[in-house]
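Data block below; observations after.
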Amino acid sequence: MKKSILALFFTIKLFTQEIPISESNYFVYDKYNYGVTLNNINGYLFPQNNGELVVSEYSGHIYKISNTAITKALPGIEEKNLILIGYFKLKNGSEYYCGSHEIILVKNNKIIKKVKLNSQNDFSLSYGVLNDELFFLTNYNKGDLILRKFDGNKVYDLLKIKKDHHRYSRQLFINKQVYIVEYVENTAIISCYSNSKLKVIKKHIFKKSAKLHEITNLTNYDNFTGIFESNSFFYCQDGNIFYLNSNYKLPFISSFEENIFINKKSTFTNFDVFSNNKLSPLITTSFNSSNFWSSYNKETNSFYSTTNTSFLRFFPHIKKYPRLFNNSNSTAVFSLLQDNKGKIWAGSYQGYLSTIDDNKVTQSDINEFMFMNGGLAHEDKMLLFAESEKGALLFTNENNYRKIADSSTFFYAYKTSNNKLYLGSTGKGLWFTNISNLEKNERINWKIVNHKNGLSLYNILTICEDKFGNIWTGHIVNGISVYNPEKQKAKTWLVENKEIDFGSMSIIKDTNNTMWFGLSKGGLAFYDGKSKTDLDAKNFKTINHPLLENSNEVTFLHQWKSYLIIGGQDRILLFDLKKWYHTKKVFVRYLNPLEINLSGFTEQNTIFTDKRNGDIWFASTEMVYQWDIKKWLTFPTFKIKPDVLIKKDSLEKKYVSNKSIEFKPTENSFDIEIVYQTTDNLPRYINATLVKKGENPIFENPNLQTKFHFANLNPGDYDFLIRVCQQDGSYGVFKYPIVINKFLWQKWWFWILISLIPIGFIVFYFKKKNEIEQTKKKLSQLNLASLSNQFRPHFMLNALNSIGSQMENMPHAEKVISRLGESINILYGFTQSNDFVHSFKNEWKLVENIIEIQKLLFIPNLKVIIEGIEKINDKIKVPVGLIQIPIENALLHGLRNKEAGSYVLKFNLDENNNYYLITIVDNGVGRKIASEINSYKKNGNGLKTIFEMIDIINQYDSKAIQFHIEDNTTEMGTIVKIKLKKEIDYAKIKF
């Protein structure tokens, strides 16, 4: 039994030691973050020069990963059979999507050509582009290997190389010229294709026991890397070959300078870089997967990595420590400090204490305390605080301590310039003593500053000394206090008394002796007092920047060189002190939310600079982080100028800033998506708002939202404003003017014009009547003009009469008026043309509007059947009202007067060689009953007008239009038949 327990102990101990204490930070692209979960990419990664990444799932789905979204790369087609093994974007914008059996050529997001390459039993592979032409190899099942080329139009067979039944025995590489690499046992034969020939230029012979599998990257014939069938690796530099051990899985070589090998251990994976003939660790992760591939993004020192189930992005310059306690978690690290020997101390509110030293975690045996925020390194000791009034604990190592203060809970420790130690406590005030008393092994007689001295803060969460010797303290809710040690008097500004509008849990004095306050309401302020006694709330000055204008409490402040690092709960900010002191301009940089991927909020006052290497350490509610800020600051910054995609129904259009965007009155609901692309392929903190032109915008807290929906906007002029927090710390606002036009009837001049139409018609009619008496031809022309103009008010009068009595409390008023306004617009344009014909498109729009108006107001159960409408060209000219009037009569006189049963209106359009054949059928009350109804007699002049127009037209073009009305013999109702000649010369009868 003892042996079994001992064996189990050593097994656990071995397992514990094997797992690294830190891991590289990573971000997972999934449906929760980017709307899409990528599965089983298996190495099909194609990074682009603009930063975008094209990836292919083994299932055949192809995606593009941009700064803000993951989108289908081939929209509109089902590409499940295309497993992408090559992707190239040319300078002219064309894209080659290359599979083992097919090439798809795309331009402007449209498929230009799909080329089938071979049968399912044959394979094309090893694609490369040279001078915008696509070169590749095709392995035929019968054994032929062909070098081929695709120029965008046609596939050419360039060279038959050799029969070989091993599919991957040769590879194609392109680097200024076409290389073919052949693997023969332990030899790599490199040939160059030129002038329709293949010429051997170099042979590399490896260890006899090593059988080549493939070369993974080739810059030229003397510089490449590769893999043997035994999973061991080699690296050829300037013709010299270096061998690696066999613990590695398949590598991805991102470039000649960055040679990354993936080393899979039992419980974690290493990404090691091979340089100077040795391997150095780059990434460590315990992310559970048996298969990794990777692609490098140089601008951010990040690595896209695929597994069987996930798609990740690693950021090696940020490490996290997920197993500080019980080898399982790093939860609630309230106290994070470094002692004078470089050892890191992490105390958890869950009752654990661990140290990190020489890449080793040592957990304390003491578990009786819940460790609080704050603490202080003194000499070779560490001062920590315990919850539940268990006092201040001075540790000499992880398992030994003595209590130096009791009966209180403390939150912060601060050493002043004159070697006083101050402790911030709960309701028992500000404690202080000489720091030398920590060395004495005796009870310390603490002095306390409290409400008797004017310090009225309940909990003191932060302490700092200003350049005059005053001691400042703060509480996140209560307010701010300042204590003068000489006078032993304090001044307190309380939020509850409205003496100040913020509290603080983080105060710091920078190297320029300015006092900075992290605000409870979010943001940053400094104190601008001129002397030791210049104590007034008006001396607090707030720093303005979008990233500092939010409600997130500032949890910590820390100076690193010329930057003030700010913990903003869900983000890490860097305020540029150097620029502020020199120019008074505010620049606030930020760790990108993708690269930091914070788990939980930043903890209170848990930040320090590592004495050993200058790294920044800080904690969130669930994790401890180590940030290589020096390396991070060397990364390039990229400013973005966003575009907007405006989506209306199925249409989508891109707009740039300051370009006006105009919509029709009915297009007052739409979606806006903000898009931008940079080589770092990271999102930006932005926020957007839509305001009426001239109004002051109110922006929300900067975030990652890029999609917006707006519905039922009123007509008018708007500005869509995007505020962008740039990577260099600046910010800017981009404007996109949007105009939603008014309906015609909403414009003041419309009603004046409407009132002038009847007067103009009367004047026009009588003037033409006098001219008609001169000649018979002139008479016919003017009669025709008169008839066409009669129709102009006809529709408006009928429609207005129809809705006039119904307007009060009418639920569909807006839709009816919209339809009416559109029809009036058409008729107004018709009036301006001084003609009697217009396009079939406009005629049909009048038909649609009268049907919709009647359906909304009177016949909700109306069934409309339309057949053959596609057979007529929208631009064909027809007399105004030719179709609209009989349909209007069917609705007004036939169907509206029907009291029961179904309500059916059918329109059919057919054609023969010479005519369009139009049939209009309704199942209304019929002509006889309709003729006995007053409305028929009152409004029955429409058809008379049509008949007179047809008579005049037929005088100049025999049987141009034939119009016939009959009763429906199968059921009640009416049938109208119209024969319209396809080619009518209306020019002969123009007036």
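The values are calculated or read from the model by the stated rules, or taken from the named source; none is laboratory data. Just so you know, these numbers come straight off a predicted model, no measurement behind them. Neighbour counts are summed over all protein chains in view; Cβ atoms, including those assigned to glycine, are modelled from backbone coordinates with ideal geometry.
Could you grab me the full set of residues in the range 402-447 that are closer than 19 Å to TYR458 by Cβ and small (Gly, Ala, Ser)?
Within the range 402-447, ALA405, SER407, SER408, ALA413, GLY424, SER425, GLY427, GLY429 meet the criteria.
Answer yes or no as to whether LYS447 is out of contact with any Gly (no Cβ under 6 Å at 6 or more places or on another chain) and basic (Lys, Arg).
For LYS447, the condition - out of contact with any Gly (no Cβ under 6 Å at 6 or more places or on another chain) and basic (Lys, Arg) - is met.
Could you look through the range 877-906, keep only residues that are of a type in the set (A, V, I, L, M) and out of contact with any Asp or Glu (no Cβ under 9 Å at 6 or more places or on another chain), and pick out the one that is surrounded by the fewest Cβ atoms within 10 Å (Cβ to Cβ)?
By that ranking, first place goes to ALA900.
Looking at this structure, is LYS648 surrounded by fewer than 19 Cβ atoms within 10 Å (Cβ to Cβ) and closer than 25 Å to GLU673 by Cα?
Spelling it out, LYS648 is indeed surrounded by fewer than 19 Cβ atoms within 10 Å (Cβ to Cβ) and closer than 25 Å to GLU673 by Cα.
So in the range 467-480, with the set limited to residues that are over 44 Å from the mean Cα position of the chain (by Cα) and either over 15 Å from ASP534 (Cα atoms) or not hydrophobic (A, V, I, L, M, F, W, C) (or both), which one is surrounded by the most Cβ atoms within 10 Å (Cβ to Cβ)?
Taking the candidates together, the pick is ASN470.
Can you tell me which condition LYS489 does not meet? The list is (1) of a type outside the set (Gly, Ala, Ser); (2) at pLDDT 95 or above; (3) touching a Ser or Thr at 6+ places or on another chain (Cβ under 9 Å), and all the others hold.
Only one criterion is unmet by LYS489, namely (3).
Determine which single condition ASN400 fails, assuming it passes every other condition in (1) farther than 24 Å from LYS467 by Cα; (2) in contact (Cβ under 8 Å) with a residue 12 or more places away in the chain.
(2)
Just to be sure I understand the filter: pairs with C-beta atoms under 8 Å, separated by 6 or more residues or on different chains, first member in the range 650-665 and within 23 Å of GLU822 (Cβ to Cβ) and in the same structural domain as PHE710 (by TED's automatic domain parsing), second member at pLDDT 85 or above and part of a loop (DSSP other than H, G, I, E, B). Which pairs pass?
Filtered contacts from the range 650-665: GLU662/ASN741; PHE663/ASN741; LYS664/ASN741; PRO665/PRO715; PRO665/ASN741.
ASN67: within 25 Å of the chain's Cα centre (by Cα), modelled with pLDDT under 90 and either farther than 30 Å from MET623 by Cβ or not in a strand (DSSP E or B) (or both), yes or no?
no
Inside the range 110-129, can you point out the residues that are more than 15 Å from SER94 (Cβ to Cβ) and assigned to a strand (DSSP E or B)?
Correct list: LYS116, PHE123, SER124, LEU125, SER126, GLY128.
Kindly check whether there is at least one residue in the range 834-846 that is in contact (Cβ under 8 Å) with a residue 12 or more places away in the chain, of a type in the set (Gly, Ala, Ser), over 26 Å from PHE947 (Cα atoms) and not in a loop (DSSP other than H, G, I, E, B).
no
Just to be sure I understand the filter: pairs with C-beta atoms under 6 Å, separated by 6 or more residues or on different chains, first member in the range 19-33 and under 17 Å from TYR63 (Cα atoms), second member among the acidic types (Asp, Glu) and at pLDDT below 90. Which pairs pass?
No pair meets every condition.
Check ILE5 against each of (1) of a type in the set (A, V, I, L, M); (2) modelled with pLDDT under 80; (3) within 25 Å of ASN131 (Cβ to Cβ) and name the one condition it does not meet.
Looking at each condition in turn, ILE5 falls short on (3).
Inside the range 375-394, can you point out the residues that are touching a residue at least 24 places away in the same chain (Cβ under 8 Å) and in contact with an Asp or Glu (Cβ under 9 Å, 6 or more places away or on another chain)?
Hits for the range 375-394 are ALA377, HIS378, GLU379, ASP380, LYS381, MET382, GLU389, ALA392.
Pairs needed: first member in the range 679-704, over 15 Å from ASN550 (Cβ atoms) and among the aliphatic types (A, V, I, L, M); second member anywhere, in a loop (DSSP other than H, G, I, E, B) and modelled with pLDDT of 95 or more; C-beta distance under 6 Å; at least 6 residues apart or different chains.
Once the first residue is over 15 Å from ASN550 (Cβ atoms) and among the aliphatic types (A, V, I, L, M) and sits in the range 679-704, its partners that are in a loop (DSSP other than H, G, I, E, B) and modelled with pLDDT of 95 or more give LEU682/ASN592.
Which members of the range 866-876 meet the condition of being touching a Leu at 6+ places or on another chain (Cβ under 9 Å) and either surrounded by fewer than 12 Cβ atoms within 10 Å (Cβ to Cβ) or within 19 Å of ASN912 (Cβ to Cβ) (or both)?
Those that are touching a Leu at 6+ places or on another chain (Cβ under 9 Å) and either surrounded by fewer than 12 Cβ atoms within 10 Å (Cβ to Cβ) or within 19 Å of ASN912 (Cβ to Cβ) (or both): GLU867, GLY868, ILE869, GLU870, LYS871, ILE872, ILE876.
Within the range 116-126, work out how many residues are surrounded by fewer than 16 Cβ atoms within 10 Å (Cβ to Cβ) and within 36 Å of the chain's Cα centre (by Cα).
The total comes to 1.
Can you find a residue in the range 199-211 that is modelled with pLDDT under 90 and within 29 Å of LEU90 (Cα to Cα)?
no
Checking ALA413 against (1) part of a helix (DSSP H, G or I); (2) in contact (Cβ under 8 Å) with a residue 40 or more places away in the chain: exactly one of these is not met. Which one?
Status for ALA413: all satisfied but (1).
Yes/no matrix, rows are residues, columns are (1) surrounded by fewer than 16 Cβ atoms within 10 Å (Cβ to Cβ); (2) out of contact with any strand residue (DSSP E or B) (no Cβ under 7 Å at 6 or more places or on another chain); (3) of a type in the set (Lys, Arg); (4) not in a loop (DSSP other than H, G, I, E, B):
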| residue | (1), (2), (3), (4) |
| --- | --- |
| THR606 | no, no, no, yes |
| ARG612 | yes, yes, yes, no |
| GLU622 | no, yes, no, no |
| GLN626 | no, no, no, yes |
| LYS631 | yes, no, yes, yes |
| THR637 | yes, yes, no, no |
| VAL644 | no, no, no, yes |
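Can you tell me how many residues within the range 940-962 are modelled with pLDDT under 80 and either crowded, with 18+ Cβ neighbours inside 10 Å or in contact with a strand residue (DSSP E or B) (Cβ under 6 Å, 6 or more places away or on another chain) (or both)?
1
ASN544 - would you say it is out of contact with any strand residue (DSSP E or B) (no Cβ under 9 Å at 6 or more places or on another chain) and either at positive phi or buried (at least 20 other Cβ atoms within 10 Å of the Cβ) (or both)?
no
Does GLU486 meet the test of being surrounded by fewer than 18 Cβ atoms within 10 Å (Cβ to Cβ), within 28 Å of GLU387 (Cα to Cα) and of a type outside the set (Ser, Thr, Tyr)?
No, not satisfied.
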